[in-house]
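Engineer: I am attaching a structure below and will ask some questions about it afterwards.
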Ligand code: ADP
């Protein structure tokens, strides 16, 4: 790569549109008008047309390019197609939906921006909608629409306005927006590079000006540092961590955070292969680094700077493209590959299966061959990752069956919290002091053991109602009992927390710890919180060291919504409350609760009796 090239920015665009709307003509014209054609190419094709008595078409240029490319041994997706004064462009071809989708989702071809063609004569058609929907699914957000063949519409401003209004409305309906909508005549070059003198009513940008205004995701150096460790080599005393800098910049002296192991150390040196040691390494470079401390770092650890760490989680939502013939089903396990890390994962749920022809999606129990779906994946181990939106490299994943690739996908998180905050231990130098009053001493005095009854369930399922009644009855029976619920916790201990996924996770973490302390003190503590995430409940269980009892207060969404004791569902449906469990935020069902209390089937009294019986059975010494 020459210096000049490496300094220039590259934008990868995909051109989509109905077959006859003028794609090839537009590409031919882009080559020519930007002065990107090799010397003599145009003349050669014109001469060929003359010899054969054919009318010259701009599309022939594209065809000629394509066939040269097809003869090439390798397909280079970063090959430059045309250049503007500002940067280089590459066109990712979109031959058929399936292939295009697969390439885009697996990251084989990643478009920064899209040009969508609409024929001024035919207007917005089904395919124009399908293409927009696909781009939306793939996360392409920089879009320019060109309304082509304006000559066939007599260069009429009102025809253009009509198409513009229709299409803008459609895009808005699917949550998208076009940066520019431009009237052009691709064949004659109107508004491609030069402003058209036949449509002076149009004051906006030309196509190339519009494209020049887009930002290129290939500028990975400006993103936060991501350096996945590929190998660890030991040379005498030293350990060299080898890998490729995926994004950002790494400097000698930087303090690095390794995720998910959460260890930190400074970069002592950067060793480039067969080159002198250097002070900086940038996105795209493969290097080896040494640290100022001996840490146990493994292949798969992801290094970042401390201030800009990746997300840490053991569950995430992503959108995948499914390759095998046999469908993907919930409960199945695969190997998840995140850059250099590979861990087993289970498919927890298929949130949405997309129908790209009908432009709809729905929950499903299977993803068919070549299907696109939003799924929730769960692992035992903590993972370090990013959302696609934040990083095009670490925001992607691949699934294998141990041998073959079965899916490629992009990470969105959608409603799942970053667990970094709740798993990081900041205090050090702690020593536990032994109590001289033992659990047995306390149990003997109280007449029962301590423990946590962890109620979980949807809002309105009956957690508070049952918890308060159980507290009353257990107290009457002489138990040391106390209920932790939203009222006594959110106003004090957790007054600084809101309802974002992260704050919810932290809320539950603190409640889990407080409940564990109550239990340790010998009390029966009942917690009444939705606690929608399995990972959070598992952490609460771990905190309570074997005295944890998960009680699923069971009522389905329809029943809870009908009860709506606090009017919250109504408000959530009206969009007044965001992140509302069951409506706009997930609820993960308990997978193996100690007790299930079905409040749809039984009266409050019967439910309370069920819990009391459980406590008498389990907590009496
Ligand atoms: P949560 O604490 O789970 O959000 P609440 O206890 O505040 O739920 O509200 C549950 C609502 O459902 C109350 O209005 C309660 O009277 C009603 N309900 C109906 N049947 C039952 C039952 N079997 N158990 C508990 N609550 C019930």
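Engineer: Taking the 0 to 90 degree range and rounding to the nearest ten, how far is the long axis of helix 463-476 tilted relative to the main principal axis of the chain, both from C-alpha atoms?
Structural biologist: Between the helix axis and the principal axis of the chain, the angle is about 10 degrees.
Engineer: Mind computing the radius of gyration and Dmax over the alpha-carbon atoms of the range 257-392? Å is fine for both.
Structural biologist: 19.0, 57
Engineer: Counting residues in the range 419-478 as N, plug N into 2.2 N^0.38 Å and put the Cα Rg over that result.
Structural biologist: Here the Cα radius of gyration is 1.71 times the empirical estimate.
Engineer: On to the next question. Label residue 381 and residue 335 with points 7 Å out from Cα along Cα→Cβ: what is the distance between them in nm?
Structural biologist: 1.2 nm
Engineer: Tell me, in nm to one decimal, what length is gained between residue 564 and residue 405 on full extension, where the rule is 0.36 nm per residue of separation less the Cα-Cα distance?
Structural biologist: Extending this stretch completely gives an extra 52.7 nm.
Engineer: So how far, in whole Å, is the C-alpha centre of the range 117-176 from the one of the range 539-587?
Structural biologist: Taking the Cα centre of the range 539-587 as reference, the centre of the range 117-176 is 41 Å away.
Engineer: Plugging the Kirkwood radius over Cα pairs into Stokes-Einstein for the range 409-568, at a temperature of 20 °C and a viscosity of 1.002 mPa s, what D comes out in µm²/s?
Structural biologist: 125 µm²/s
Engineer: Something else: Could you check how many percent of all C-alpha pairs in the range 503-587 are farther apart than 23 Å?
Structural biologist: 33 percent
Engineer: Also, I was wondering about something else. Separation of the range 239-265 and the range 306-341 by C-alpha centroid, Å?
Structural biologist: Cα centres, the range 239-265 to the range 306-341: 23 Å.
Engineer: Measuring from label point to label point, each 7 Å out along Cα→Cβ, what is the residue 236 to residue 307 span in nm?
Structural biologist: 3.7 nm
Engineer: Using only the alpha-carbon atoms, how far is helix 23-33 inclined from the longest principal axis of the chain? Give it as 0 to 90 degrees, nearest 10.
Structural biologist: The answer is roughly 70 degrees.
Engineer: Expressed as a rounded percentage, what relative contact order does the chain have, with Cα pairs under 8 Å and six or more residues apart?
Structural biologist: About 9 percent, as a whole number.
Engineer: Divide, for the chain, the radius of gyration over alpha carbons by 2.2 N^0.38 Å, where N is the residue count.
Structural biologist: The reported ratio for this selection is 1.19.
Engineer: How big is the shadow of the Cα convex hull of the range 383-465, averaged over all directions, in nm²?
Structural biologist: For the Cα atoms of the range 383-465, the hull's average projected area reads 12.4 nm².
Engineer: If you don't mind, another one. Could you work out how far apart the two model spin labels at residue 36 and residue 325 are, taking each label as a point 7 Å from the Cα in the direction of the beta carbon, and quote it in nm?
Structural biologist: Between residue 36 and residue 325, the simple spin-label model gives 4.1 nm.
Engineer: Hey, with R₀ at 30 Å, roughly what FRET efficiency would residue 43 and residue 215 work out to, going by the Cβ-Cβ distance, to 0.05?
Structural biologist: 0.25
Engineer: A further question follows. Which angle between 0 and 90 degrees, to the nearest 10, do you get for helix 126-138 versus the longest principal axis of the chain when only C-alpha atoms count?
Structural biologist: Orientation of helix 126-138: about 50 degrees from the principal axis.
Engineer: Now for a different question. When the helix-only estimate is applied to the chain (DSSP H runs of n ≥ 4, each -39,500 (n - 2.57), divided by the residue count), what is the mean residue ellipticity at 222 nm, nearest 500 deg cm²/dmol?
Structural biologist: One gets -8500 deg cm²/dmol as the mean residue ellipticity at 222 nm.
Engineer: When the chain is fully extended, how far beyond the present Cα-Cα distance does residue 87 get from residue 475, taking 0.36 nm per residue of separation?
Structural biologist: Gain on extension, residue 87 to residue 475, equals 132.2 nm.
Engineer: Follow-up. Between residue 576 and residue 604, what's the calculated FRET efficiency when r is the beta-carbon distance and R0 is 30 Å? Round to 0.05.
Structural biologist: 0.55
Engineer: I'd like to compare 129-137, 252-260: which one has the highest average count of other Cβ atoms within 10 Å, and what's the full order after that?
Structural biologist: For the peptides 129-137, 252-260, the packing ranking is 129-137, 252-260.
Each value in this text was obtained by applying a stated rule to the coordinates, not by laboratory testing. Predicted model only: the values in this text are computed from it and were never measured. Positions of Cβ are backbone-derived with ideal geometry, glycine not excepted, and every protein chain shown enters the neighbour counts.
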